[in-house]
Amino acid sequence: MAFEHYIRSGQKMLRCGYTTGTCAALAASGAARLLLLGEMPETLSLPTPKGWTVEVCPEGLARTKDGAVCSVRKDGGDDADVTHGMLVTALVRRTEEPGVRIDGGEGVGRVTRPGLDQPVGAAAINHVPRQMIAQAVKNICREAGYAGGVEVIVSIPGGEERAKRTFNPLLGIEGGLSVLGTSGIVEPMSEQAIVDTIAVEVRQAAQTSRRLILTPGNYGADFLAAHGLDGLGVPVVRCSNFIGDALDMAAAEGFAQVLLAGHIGKLVKLAGGIMNTHSRQADGRCELFCAHAAVAGASRSLCARLMEAATTDACIALLEEENLRPPVLASLTAAAQRHVERRAAGAYEAGILLFSNVYGTLGVSPQAEAIIHSWREEHHEQ
């Protein structure tokens, strides 16, 4: 059955899909229902973190020698990627140990480098899909009155070959695909539609303020909220990967001050003058860390390891080993500040703030410190 949720993109209505994480959780629920309740459901249903319910027909639902197996076919909607149409399979077995244990089987990659969502050696099943799988299985256990343990093995037949067309080999995920998703839903949208939406939001913000906070997405919004920066009466606009476009829009709308706050994984690219931070456009994160570390006196060995790091958090961990985190982050922040100011071309005061979900605040340019201080002072006086 087709997933009938749509979003508007320009003048088109595009159909949404659901993630591999949602598929895995649905498959696990189907297998658990057969194993623990003896039922062969014709449909499977699951509420996603976004709040939308996904309902599918299971495929390959059957008992095995020591458990039950169920498959769900991935539907990427109108934003189909390399996993679209693939089967995501869950094998569910009883265990003596309590709780729900989740691991990967055929076609699911293994983490070989630090700094990713899962530790080295673990299956590349991210934490939100793991939560969804565990909750789906626990619900069936509760319904069946079963208090024992359960093991769930997630597989994606053909995933090892298909993963060669993804970034997994570069990230250090070997042997297959990742099971991903934070909202459980795939929302298609053209790049132009995103830029047009950002432009509308910047224009609306300009109606009430001459100050603006730009942040790429949810991580930035959460950071701003946690540090009280979203409560200063300054509008916040999420600009996705389109940093340069958003900075240009701020100039066109006559803002006087702009704070750009974002995760180091995105905004470190600004240190190289990269203003569209999507990985399809450019990366260079490790190269930038390596270059600035070399200037700060890093050893050849450290530079080589930085070039091989899977994530920016992994780069930071390596810098800490040689006590180079402060000078390198200061250098990267200063470089990003210079490129942002060059893009602003004197139209407004600009400042940049970099953070990490693991390490917290990593870099605040002097210009950003001055902007934030003035906002806090004025807010306190009101």
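The values are calculated or read from the model by the stated rules, or taken from the named source; none is laboratory data. Keep in mind that this is a model prediction, so the values were computed, not measured. As a convention, Cβ positions derive from the backbone with ideal geometry for all residues, glycine included, and neighbour counts pool all protein chains shown. When the accessible area is computed, the model is the full protein with side chains, heavy atoms only, and any ligands, DNA or RNA have been set aside. Shrake-Rupley method; radii C 1.70, N 1.55, O 1.52, S 1.80 Å.
Tabulated data
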quantity: Some residue of the range 365-373 being part of a helix (DSSP H, G or I), under 18 Å from A225 (Cα atoms), more than 29 Å from the chain's Cα centre (by Cα) and modelled with pLDDT of 95 or more; calculated: yes
quantity: Test for A221: is it surrounded by fewer than 21 Cβ atoms within 10 Å (Cβ to Cβ) and more than 26 Å from the chain's Cα centre (by Cα); calculated: no
quantity: Lone unmet requirement of (1) without any contact (Cβ under 8 Å) to a residue 60 or more places away in the chain; (2) out of contact with any Ser or Thr (no Cβ under 9 Å at 6 or more places or on another chain); (3) within 29 Å of A310 (Cα to Cα); (4) of a type outside the set (A, V, I, L, M, F, W, C) for G99; calculated: (3)
quantity: From the options T182, T208, residue that is at negative phi, within 16 Å of the chain's Cα centre (by Cα) and surrounded by fewer than 18 Cβ atoms within 10 Å (Cβ to Cβ); calculated: T182
quantity: Every residue from the range 24-45 that is over 19 Å from Y146 (Cβ atoms) and in contact with a helix residue (DSSP H, G or I) (Cβ under 9 Å, 6 or more places away or on another chain); calculated: A24, L26, S45
quantity: Qualifying residue in the range 312-319 (condition: open to solvent by 50 Å² or more (accessible area, probe 1.4 Å) and of a type outside the set (V, I, T)); calculated: no
quantity: Residues (under 22 Å from E349 (Cβ atoms), open to solvent by 10 Å² or more (accessible area, probe 1.4 Å) and in contact with a strand residue (DSSP E or B) (Cβ under 8 Å, 6 or more places away or on another chain)) located in the range 254-274; calculated: A256, Q257
quantity: Conditions (1) within 30 Å of A24 (Cα to Cα); (2) at pLDDT 95 or above; (3) of a type in the set (F, W, Y): number failed by Y219; calculated: (2)
quantity: Given (1) in contact with a Gly (Cβ under 7 Å, 6 or more places away or on another chain); (2) open to solvent by 80 Å² or more (accessible area, probe 1.4 Å); (3) modelled with pLDDT under 95, index of the condition T112 fails; calculated: (2)
quantity: When residues of the range 300-324 are limited to those that are polar (S, T, N, Q) and not in a helix (DSSP H, G or I), the one farthest from R285 (Cα to Cα); calculated: N323
quantity: Qualifying position, being of a type outside the set (S, T, Y), out of contact with any strand residue (DSSP E or B) (no Cβ under 8 Å at 6 or more places or on another chain) and either open to solvent by 50 Å² or more (accessible area, probe 1.4 Å) or under 30 Å from Y6 (Cβ atoms) (or both), among N126, N139; calculated: N139
quantity: Selection from the range 174-208 of residues that are in contact with a strand residue (DSSP E or B) (Cβ under 9 Å, 6 or more places away or on another chain) and free of Cβ contacts under 8 Å to residues at least 60 places away in the same chain; calculated: E191, I194, V195, I198, E201, V202, Q204, A205, A206
quantity: Residue match in the range 210-220 (condition: touching a Lys or Arg at 6+ places or on another chain (Cβ under 6 Å), within 27 Å of Q281 (Cβ to Cβ) and aliphatic (A, V, I, L, M)); calculated: no
quantity: Residue pairs meeting the criteria (Cβ under 9 Å; at least 6 apart or on separate chains; first without any contact (Cβ under 8 Å) to a residue 24 or more places away in the chain and under 20 Å from C70 (Cα atoms), in the range 125-148; second outside any helix (DSSP H, G or I) and open to solvent by 30 Å² or more (accessible area, probe 1.4 Å)); calculated: Q131/P49
quantity: Condition check for R280: at pLDDT below 95 and basic (K, R); calculated: yes
quantity: All positions within the range 185-197 that are modelled with pLDDT under 90 and open to solvent by less than 20 Å² (accessible area, probe 1.4 Å); calculated: P188, A193
quantity: Selection from the range 325-382 of residues that are open to solvent by 10 Å² or more (accessible area, probe 1.4 Å) and among the hydroxyl-bearing types (S, T, Y); calculated: S331, Y348, Y359, T361, S374
quantity: Residue match in the range 150-166 (condition: without any contact (Cβ under 8 Å) to a residue 12 or more places away in the chain and not aromatic (F, W, Y)); calculated: yes
